[in-house]
Amino acid sequence: MTDARRNVAATIFSSVFVLFGFLVCTRLFVALGQGNRIPAFLGGTGSIILFGLGGLYLFAEKVGWLWELEGWSRQHPAARVWLRRAGLISP
């Protein structure tokens with residue numbers, strides 16, 4: 001979350017919105033795990049993994065790690081193919 005000093009209410013609302021989405025996603029994954037639609041481990045940790053990866057991606061984009069990753073991948077062609085398939089670097 002970015003801190004908007006001009007509009008504190010929007011920052012709080014967006015944080016509550018993300019929390020609500022996380023709670024709904026958690027309930028969904030637990031229900032799918034209890035119904036044996038997905039493995040139990042994934043049912044218990046699916047939402048944490050999903051939101052964690054999303055948060056890491058947004059953090060890396062804000063800090064600039066994705067630019068460094070693209071420069072690093074030029075020196076490692078095998079990793080470049082995998083990173084391109086994952087969509088982390090441009091072709």
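Summary table
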| quantity | calculated |
| --- | --- |
| Output for region 1-30, where each listed residue is aliphatic (A, V, I, L, M) and either touching a residue at least 12 places away in the same chain (Cβ under 8 Å) or touching a Ser or Thr at 6+ places or on another chain (Cβ under 7 Å) (or both) | M1, A4, V18, L28, V30 |
| Members of region 36-77 that are over 15 Å from S90 (Cβ atoms) and over 19 Å from the mean Cα position of the chain (by Cα) | N36, R37, I38, P39, A40, Q75, H76, P77 |
| Flag if V63 is β-branched (V, I, T) and either touching a helix residue (DSSP H, G or I) at 6+ places or on another chain (Cβ under 6 Å) or more than 25 Å from G87 (Cα to Cα) (or both) | no |
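Where a number appears in this text, it was derived from the coordinates with a stated rule and is not lab data. Here the structure is a predicted model, which is why all the values come from computation and not from measurement. No Cβ is skipped: glycine too gets one built from the backbone with ideal geometry, and neighbour counts run over all protein chains shown.
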